[in-house]
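Read through the structure below, which is laid out as structure tokens, and then see the notes.
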Amino acid sequence: MKQLNTTLLLLFFSISIFAQSQYSGIVLDENNEPLPGVSIIIKGSLQGTSTDFDGNFIIDANEGDILEFSFMGYYTQTQKLSSQATYNISLQPDTKALDEIVVVGYGVQKKSDLTGSIATVKPEDLQNRDVANVDQALQGQMAGVTVTQASGTPGEAPSVNIRGIGTLNNSAPLYVVDGMMVEDISYLNSRDIESLQVLKDASASAIYGSRGAGGVIIVTTKKGKAGEGKVNFNSYYGFQNFAHSPELTTASEWAMLNNEARLAAGLSPDYNPSEYGVGTDWLGAISQKNAPIQNYDLSFSGGSDKSTYFISGAYMSQAGIIQKSNYDRLSIRINAEHQVKSWLKVGENITVSSSNQGKILESDDWNNLLVTPLTVSPLQSIYNSDGTYSVSKNQVNNPVAKMDNTRNNDNNFRVIGNIFGEIEFMKGLIFRSNVGVQYRIGDNHVFNPVYYVSPTEGNQINSLGKHQNKNLSTEWTNMMSYMTTINEKHSITGILGTSVFMEKMEWHGLTVTDLPTDDDNNVIIDNSPNAKIASAYGSFIEVNQLSYFGRINYSYNNKYLLTANLRADGSSKFGTENKWGIFPSFSTGWKISEEDFLKDNSVISSLKARIGWGQIGNQGSIPAYTQTTLATGGNNYVWGGALVPGTSFPGIGNDEIKWETTTTTNFGLDFGFWEGKLSGSAEYYMKTTTDMLLQVPVPGQAGIESAPWQNAGEMENSGIELGLLWRDNVGDFEYSIGGNFTTINNKVTSLGGANEFIDGAEYRNWGYMTRTVVGRPIANFYGLVAEGIFQNQKEIDDYYANSKDGIPSHIQPGDVRYQDIDGDGVADYDFIGSPLPDFTYAINGSIAYKGLDFNFILNGVSGNDIYNGTNDYLLNSTAYWNMSKTMMNRWTGEGSTNNPKHARMNAKDTNNSLKSSRFIEDGSYLRIQNVQIGYSFSDKVLERLKLDRFRVYVSGQNLYTFTKYMGYDPEVGGSGLDIGLDRGAYPIPRTITFGVNLGF
Amino acid sequence: MKKINIYMSLALTLTVLFSSCSKEFLNTPPPNISDDSFYTSDDVARGALAGVYDPLARYDYSQQHEWMLGDVVSDDAEKGGEGPNDAAYAQELKEFRANSENKLLGDRWVQPYIGINRANKLIQGIDGNDNISEDVQIRIIGESKFLRAYYHFQLTKVFGRIPIVNKVLQPSEFTKPQNEISEVYAQIELDLLDAISVLPYKRDLAAEDIGRATKGAAQSMLVKMYIFQDKWQEAANLSDIVIGEGNYSLEPNYADVFRTVGENGVESIFEIQYMSIAGDSEWGDANEGNVTAIYQGTRELYNDKGEIVSGWGWGFNLPTQNLYDEYETGDLRLKATIIGDGEKAFEGTDDEEIIATQHINNTGYDDTVYHSLKYYIPASERNDMSDAPNNWRVIRYADLLLWNAEAKAHLGGDWKTPLNEVRARAGLSAVTGSDALKAVYHERRVELAMEAHRYWDLVRTGRGDLMKGYSENKRYLPIPQKELALNPNLVQNPY
């Protein structure tokens, strides 16, 4: 220890120390107006400041240092310091692509110096989207980043996938907010965001080690700037409605189909179709028209050259397009930084957020409130004449009764805070220590009141469930960084650090019953007669992680770039001998446009080639304690008429469990043409996951309920990512058009054995819907292949010619014909579709003319399949439930249709609704995700109103979707092996908002 | 400068410090109790024994499989339910068109082995363990062996050749090949003989132990094993012993066997125990209730005005006319077993209700007009529907008497006495015919109707062709495709 210490000290102090003095000045724009907020960095260091409101700056530096002045939209200018103490700097506007500063893991880099694959979203692109959750605003913004909003329930966060699905388990990205690792960013207010970067390949994200295997999203929140204080107020108010819902038969159409089904089965018809009109609009009965969404946020920022602050508070509230679902969130933030001593800087970022979510029953296989309104008979009225709930005749729960008696609320309270200190020992050598704590309490309150619809529908005894989970994580990172330039050609930055991370999750809850009243005010545990004998549960898990990391960035002559990372991670999740994993990565870049032969090229303004390779470990997939065989309670039995608590060992431990490793190779090209009018990047990557953490199924005879975790599988992902942007202006008319394109090829290359498959997505009593096998993408749908309809008896006879069991008596012309490859009269199972798209894409554009601005983003997915689960009801030949309007095109006789979706009606059908490709639909879509038109008032008006900024706008979300998909919404999500199965999820609403942005 | 030097040393110290404590830091002990330290007391062993019984009561196992295989597949019942597609896997089995992807068969293979593994784990954990008192060791091991035998039988009667698992398997043994059927029965017999030698009589059970396996349950189970192997002499001898010991008798009123009063009553030899927990609206395995009631409950009822209103169940497992016709005139068992349209259940009680089996829409009741009353529970006992308290009757004394009769019919012994005892309770006169087997088969069908015995009786006695679509190659059902893939040593049945 001592020896190491001395060695390091010697190393660091071999560089001499200069005495510093103070320099000051003013920065002006092309019109000689002062420019506030210009960032000033001493070249080759991390030291810097920014100009105040009047464009003034003061900085401690050494004679001979070079100051770099940069400001968005202006050429960066340098000034070498001489003995002169004050400088007047004038910046010239830059029409070329901006050389942004990009936040990389544990540091910043100029975009042009990047060698890894990093995508950036500008804060204004996030803020242009009036959505509740920052993740939603990422949709379509970057190539390689797939955002899926599987549920439109207010407050529900979408899933984010970076470069495909890396593992069968958890491939969610890691979020790093102001240096703190967090699991999601649903608590963030998008207007607090200063920058957002996505680290896509291993060479970029490796510095975050094991937790970054699914990619890393780095968010930096706004900091105050020296100068006069600023106040910003933003607000919007809007309305949401259903964008699309499946088209159903009317009451009279359904009655007609039902009669036809009964007749086909030899039964007498029940209805006179002409008696009924359109029937009951059940979906309308539980939905809310023009459901309001609103948001208000207010922020204050400013500071002196010693201290800066940013304080904000925001409230957002969203009602659901289905009653009883809603969300609201209150969040406050304080960010500050203080230069305590010339060599010591400290700061803090603190967020407190409290959210409330009202939930309805969705995604449930049987009583889903998005499905029952589709399947209940349109002939049935909502209420009986005496005002009681009507009982359905097809055993679908009355959706209105269910909704009226739903009381399910989630409350989430979070505090996330970190403080950091930064010591500058000498020029370029900085020590930074960051301590962060996040605490989250989630409270779920479920009350099931007493109500009665029928003997099978309703609730006889009320019950109150209170469930709580608490999550405390603490992170302490220490890091030493050094930056220097040798001979003006060799620029070196190095970091060395450690990180310790502790997470404890605790949960408990209880349920009591038989409360004397259903009145919300009295629904408390103590009012239950069985309060003292409540059924309760609870436990905790604890995960610790320790890491060492280091990185070197080297650039030669600003042309040749090299980055090398090494990270060692130790995790308590792994076996005794396998706690540690060591993960290296390298990347190089060549700024071709800096070479003499391109330097003054009039067409190519920038060109850079990048190659990267790296490995990252992953542990996210597995729960804690898989090393040990553990006893579980709750396997109870009854003796003597009383409950006897039973225990068992559902699984077996595997102490050999170790890190899953993802190896990525990345090729990238960044380019700018015609002075940056056209810019973009193209990338190709290959990502291989080895030692994949997998619960490899074990033979049933082992008697193990929960298969042991093993390092078994292998998977490959590869793809192309393309991003392009054209930006130009014609006088005052500025415009841009851009887009991105992503392909992902996924293939499972091993499941740990020769002859195996893993089933997923269990649905109703159909069994498993997806099967994962070696050689195919994960989670392909597996079932019968519906190839057409038997048009006549001869086709049936031919089909069953070789069947040893003869022709089944129930098969008649008009029934679905399933593929029988071997001709034995038994239909064969096969792979019938893939939920993974061939490619995803987005198109965006903007126009600005004087005060007017307009922008849009279209988002598309192509080539994926969806298993439309609700069509089990809506295309059912029995006409037992309400039906899809498309069944008006059903088979009615030879030659009428050969589309297996539209089989004949038959009340006794047993053939047509088997798990098959009949329910698979093309999930491709192109969506008008967002369109916004705004107007900013001119300087004259602003001056009169004493404002800096005043903009009003109208914005539309999810305006229209081009798709052939028949369900609510083709944006069907899922996780793990349960993807692409539409169980009837809450659709994303169409939203129109009106907003205002004010600043002074 | 010196100050800086100190800070710097401190910082570096912090940076390196972590490594010293890392080993401890990365070992987080689990909150659950682990394998090595588990069996510490008699109470713990008792809890683990409850865990061995637990799979008996599972939703995807006994609660559906028993009657779907035993009744629906046989000529006694139709599947029923919401429509043909509701539990289509049972319909496929009934039509003898099941394939190896059948969901019921998939669960059927897995669930008994879970019970077997729990039994083996418990035996291994307490055998010779000083923390457990010796008498507790002996009894719990005996009970575990009873259950291990029971679970093996549940497998072999469906799949025939199965791998015997009589110890905790190591991963290398997970792909053990199948054993011959005779070997499986030999293992079952061994376990049952061990259980018989140590388990208490039913009369000696403490009140809080009612429902645990007894000597009589193990003996009767062994009789059943002899019957399934055509070991008539052994079956006759052992059943004579059980009858002679006098621990069981017939419930005087047949209908009471299936009511609360008959639960664990004089006729009961072994039952799967259920209870209803007030307010527990959880489903399936999450509660301790029986879902058989809601599965088999009626979909419609008549109200006071004679209108058809929604019922409380899903209308599965509907008795056939063929079964109805099997009853002799005056057989009291008919009304206790089968109920038809417009008939009253629980007549004269507060629970009286009138069954409607007319169609009100278009599916469900068109194929049949009867309901089973045996697992039909009265309204006053229905709690959250999925959570019925009625036990599943696995072996009752009438079953044993009829095995005794069947064995003796084969041996040429006195088959009439046990048979007539059963008939007398049903209000019928003594048997007159001389075709012993015919008489026994008839009696078994009507006495044990809708109790999930019919299918097994038919196939074990070579009368499978009474079922449409049956042929001898359908005797054992397909082994799940998933299991064949996971264990290449398994050989598929010729279904």
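Among the criteria (1) part of a helix (DSSP H, G or I); (2) closer than 18 Å to B:Asp331 by Cβ, the one B:Ala430 does not fulfil is (1). For region B:111-156, a tally of residues being among the charged types (D, E, K, R), closer than 19 Å to B:Ala217 by Cα and surrounded by fewer than 22 Cβ atoms within 10 Å (Cβ to Cβ) returns 1. A residue that is touching a helix residue (DSSP H, G or I) at 6+ places or on another chain (Cβ under 6 Å), part of a helix (DSSP H, G or I) and without any contact (Cβ under 8 Å) to a residue 60 or more places away in the chain occurs nowhere in region B:163-177. Every test in (1) in contact (Cβ under 8 Å) with a residue 60 or more places away in the chain; (2) within 8 Å of chain B (Cβ to nearest Cβ) is passed by A:Glu705 save one, and that test is (1).
Of all residues in region A:261-306, exactly one satisfies the criterion of being in a helix (DSSP H, G or I), within 14 Å of another protein chain (Cβ to nearest Cβ) and either among the hydroxyl-bearing types (Ser, Thr, Tyr) or surrounded by fewer than 19 Cβ atoms within 10 Å (Cβ to Cβ) (or both), namely A:Leu263. Would a scan of region A:607-624 turn up a residue that is of a type in the set (Val, Ile, Thr) and surrounded by fewer than 19 Cβ atoms within 10 Å (Cβ to Cβ)? Yes, some residue in region A:607-624 is of a type in the set (Val, Ile, Thr) and surrounded by fewer than 19 Cβ atoms within 10 Å (Cβ to Cβ). For region A:569-585, a residue qualifies if it is surrounded by fewer than 18 Cβ atoms within 10 Å (Cβ to Cβ) and in contact with a strand residue (DSSP E or B) (Cβ under 7 Å, 6 or more places away or on another chain), and the qualifying residues are A:Ile582, A:Pro584. So which residues in region A:411-445 are surrounded by fewer than 20 Cβ atoms within 10 Å (Cβ to Cβ), within 14 Å of another protein chain (Cβ to nearest Cβ) and within 27 Å of the chain's Cα centre (by Cα)? Scanning region A:411-445 gives a single hit, A:Val435. Scan region A:880-920 for residues that are closer than 29 Å to A:Ile979 by Cα, away from chain B (no Cβ under 14 Å) and in contact with a His (Cβ under 9 Å, 6 or more places away or on another chain) and the total you get is 2. Scanning region A:328-384 for residues that are part of a strand (DSSP E or B), closer than 30 Å to A:Trp282 by Cβ and free of Cβ contacts under 8 Å to residues at least 24 places away in the same chain yields a count of 1. For region B:277-320, a residue qualifies if it is over 19 Å from B:Glu381 (Cα atoms), modelled with pLDDT of 85 or more and touching a Lys or Arg at 6+ places or on another chain (Cβ under 9 Å), and the qualifying residues are B:Phe316, B:Asn317, B:Leu318. For region A:743-848, the strands (runs of 3 or more DSSP E) that sit wholly inside it and include 2 or more residues that are under 24 Å from A:Leu694 (Cα atoms) and not polar (S, T, N, Q) are A:745-751, A:757-763, A:767-773, A:780-784, A:829-833. If the condition is being more than 30 Å from B:Ser100 (Cβ to Cβ) and either touching a Ser or Thr at 6+ places or on another chain (Cβ under 8 Å) or without any contact (Cβ under 8 Å) to a residue 24 or more places away in the chain (or both), then region A:822-843 contributes A:Pro837, A:Asp838, A:Phe839, A:Thr840, A:Tyr841.
Looking across region A:640-674 at every residue that is within 11 Å of another protein chain (Cβ to nearest Cβ) and over 30 Å from A:Pro697 (Cβ atoms), the one that is surrounded by the fewest Cβ atoms within 10 Å (Cβ to Cβ) is identified as A:Ala642. Evaluation of A:Val698 against the conditions (1) among the aliphatic types (A, V, I, L, M); (2) in contact with a strand residue (DSSP E or B) (Cβ under 9 Å, 6 or more places away or on another chain); (3) outside any strand (DSSP E or B) shows that the sole unmet condition is (2).
In the set (1) away from chain B (no Cβ under 14 Å); (2) out of contact with any helix residue (DSSP H, G or I) (no Cβ under 9 Å at 6 or more places or on another chain), A:Gly823 fails one condition alone, (2). Just so you know, in region B:87-98 the residues that are outside any helix (DSSP H, G or I) and either at the interface with chain A (Cβ under 7 Å from one of its Cβ atoms) or in contact with a Gly (Cβ under 8 Å, 6 or more places away or on another chain) (or both) include one that is surrounded by the fewest Cβ atoms within 10 Å (Cβ to Cβ), and it is B:Arg97.
Among the residues of region A:466-480, those that are within 12 Å of another protein chain (Cβ to nearest Cβ) and surrounded by 18 or more Cβ atoms within 10 Å (Cβ to Cβ) comprise A:Thr477, A:Asn478, A:Met479, A:Met480. The residue pairs whose first member lies in region A:112-132 and is farther than 16 Å from A:Ser679 by Cα, whose second member is charged (D, E, K, R) and assigned to a helix (DSSP H, G or I), and whose beta carbons are closer than 7 Å, counting only pairs six or more residues apart or on different chains, are A:Gln127/A:Arg191. Taking the conditions (1) closer than 14 Å to B:Ser372 by Cα; (2) among the β-branched types (Val, Ile, Thr); (3) more than 9 Å from every other protein chain (Cβ to nearest Cβ) in turn, B:Ile294 satisfies each one other than (3). Quick check: anything in region A:636-650 over 23 Å from A:Ala204 (Cβ atoms), of a type in the set (Val, Ile, Thr), outside the structural domain of A:Val216 (by TED's automatic domain parsing) and without any contact (Cβ under 8 Å) to a residue 12 or more places away in the chain? Yes; the residues of region A:636-650 include at least one that is over 23 Å from A:Ala204 (Cβ atoms), of a type in the set (Val, Ile, Thr), outside the structural domain of A:Val216 (by TED's automatic domain parsing) and without any contact (Cβ under 8 Å) to a residue 12 or more places away in the chain.
Residue pairs whose Cβ atoms lie under 6 Å apart, sitting 6 or more positions apart in sequence or on different chains, and linking a residue in region A:282-297 that is farther than 24 Å from A:Trp881 by Cα and not assigned by TED's automatic domain parsing to the domain that holds A:Asp130 to a partner that is in a helix (DSSP H, G or I) and modelled with pLDDT under 95, are A:Asp297/A:Arg191. Just one residue in the set B:Glu173, B:Glu183 is more than 19 Å from the chain's Cα centre (by Cα) and at pLDDT 95 or above; that residue is B:Glu183. Which ones in region A:625-639 are at the interface with chain B (Cβ under 7 Å from one of its Cβ atoms), part of a loop (DSSP other than H, G, I, E, B) and β-branched (Val, Ile, Thr)? Passing the criteria: A:Thr628, A:Thr629.
Count of region B:103-115 residues, restricted to those that are under 25 Å from B:Val44 (Cα atoms) and in contact with a Leu (Cβ under 8 Å, 6 or more places away or on another chain), is 3.
Taking the criterion of being within 25 Å of B:Arg259 (Cβ to Cβ), among the aliphatic types (A, V, I, L, M), without any contact (Cβ under 8 Å) to a residue 60 or more places away in the chain and buried (at least 19 other Cβ atoms within 10 Å of the Cβ), the residues of region B:418-457 that qualify are B:Leu419, B:Leu448. For residues in region A:849-879 being farther than 27 Å from A:Gly967 by Cα and outside any strand (DSSP E or B), which is nearest to the other protein chains (Cβ to nearest Cβ)? Applying the filter and picking the extreme gives A:Gly851.
The values are calculated or read from the model by the stated rules, or taken from the named source; none is laboratory data. Only a predicted model underlies this, so the values are computations on that prediction, with no experimental measurement involved. Note that each Cβ is placed from the backbone with ideal geometry, even for glycine, and that neighbours are counted across all protein chains shown.
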